[in-house]
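The values are calculated or read from the model by the stated rules, or taken from the named source; none is laboratory data. Here the structure is a predicted model, which is why all the values come from computation and not from measurement. A quick note on method: Cβ atoms are made from the backbone with ideal geometry, for glycine too, and the neighbour counts reach across all protein chains shown.
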Amino acid sequence: SQKIEQNSEALNIQEGKTATLTCNYTNYSPAYLQWYRQDPGRGPVFLLLIRENEKEKRKERLKVTFDTTLKQSLFHITASQPADSATYLCAPQSGGSYIPTFGRGTSLIVHP
Amino acid sequence: EAGVAQSPRYKIIEKRQSVAFWCNPISGHATLYWYQQILGQGPKLLIQFQNNGVVDDSQLPKDRFSAERLKGVDSTLKIQPAKLEDSAVYLCASSLQGSYNEQFFGPGTRLTVL
């Protein structure tokens, strides 16, 4: 069955460092992958979408990579700030599937 | 631009009771989703509408859950009767057309079943 793996343990880093979050998937080949941010008590907020033919995508301090051979996406936040503390969800999706599937998310804590 | 509206924000009921949630998507968004998010997990899709038609409801427990989007705009999700394991946050989201587009989420309804 399709499986999405994100680190269940929280990632703790110091302000100013680069945070790297991992999303691994098995048993399917997504045509694109989305990353969302979720703060406590709120709904997820879209951050970035990357397609299978794109190796990398950037938006301000955010960078996403998509390696279809490794079946992995990496999400980077450079020059991290305490305000970046949140849970980050990845959502890979097959081109032929209408069902959006989310990972459980990884909690990021940026310490001042 | 107004976001996705949901009500109520919180609901506490006893098991075997019924409950209904309401969602008003962003104007012009054809696709509407209902998700269930259990604490510590990612959102799980329950049902997806395209306008007023159902695209997918394969993960909706149809013996107790129902949803409708009668005029292709707002939607209601109902649970009848509720079980303890239904305690979760119920999120509504909408997108312009299809799930490959950015989804906009509402604040969610936190349901506690006692």
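Does residue B:89 satisfy being of a type in the set (Val, Ile, Thr), within 29 Å of residue A:108 (Cα to Cα) and surrounded by 17 or more Cβ atoms within 10 Å (Cβ to Cβ)? Spell out the reasoning first.
Values: of a type in the set (Val, Ile, Thr): yes; within 29 Å of residue A:108 (Cα to Cα): yes; surrounded by 17 or more Cβ atoms within 10 Å (Cβ to Cβ): yes.
Yes, satisfied.
Return yes or no: is residue B:42 touching a Phe, Trp or Tyr at 6+ places or on another chain (Cβ under 7 Å), within 11 Å of another protein chain (Cβ to nearest Cβ), part of a loop (DSSP other than H, G, I, E, B) and free of Cβ contacts under 8 Å to residues at least 60 places away in the same chain?
yes
Rundown of residues vs (1) in contact with a Cys (Cβ under 8 Å, 6 or more places away or on another chain); (2) at pLDDT 95 or above; (3) farther than 27 Å from residue A:90 by Cα; (4) not in a strand (DSSP E or B), yes/no style:
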residue	(1), (2), (3), (4)
B:11	no, yes, yes, no
B:15	no, yes, yes, yes
B:21	yes, yes, no, no
B:59	no, no, no, yes
B:77	yes, yes, no, no
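Considering A:83, A:91, A:79, the condition of being in a helix (DSSP H, G or I) and either of a type in the set (A, V, I, L, M) or more than 10 Å from every other protein chain (Cβ to nearest Cβ) (or both) is satisfied by A:83 alone.
Can you go through B:34, B:22 and tell me which one is within 11 Å of the chain's Cα centre (by Cα), closer than 22 Å to residue B:114 by Cα and either within 14 Å of another protein chain (Cβ to nearest Cβ) or surrounded by 14 or more Cβ atoms within 10 Å (Cβ to Cβ) (or both)? Working first, answer last.
Values: B:34 fails: closer than 22 Å to residue B:114 by Cα.
None of the others qualify; the one that does is B:22.
For the range A:47-102, filtered to residues that are of a type in the set (Val, Ile, Thr) and over 22 Å from residue B:44 (Cα atoms), the residue that is surrounded by the fewest Cβ atoms within 10 Å (Cβ to Cβ) is A:69.
In the range B:85-114, the qualifying residues are those that are of a type in the set (Asp, Glu) and more than 8 Å from chain A (Cβ to nearest Cβ), and the one that is nearest to the chain's Cα centre (by Cα) is B:86. Does residue B:73 satisfy being touching a residue at least 40 places away in the same chain (Cβ under 8 Å), of a type in the set (Val, Ile, Thr), within 27 Å of residue A:34 (Cα to Cα) and out of contact with any Leu (no Cβ under 8 Å at 6 or more places or on another chain)? Here the answer is yes, as residue B:73 does meet what is asked.
Listed here are the residues, each with its yes/no results for (1) at pLDDT 95 or above; (2) charged (D, E, K, R).
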position	(1), (2)
A:71	no, yes
A:75	yes, no
A:78	yes, no
A:83	yes, no
A:87	yes, no
A:90	yes, no
A:93	no, no
A:101	no, no
A:110	yes, no
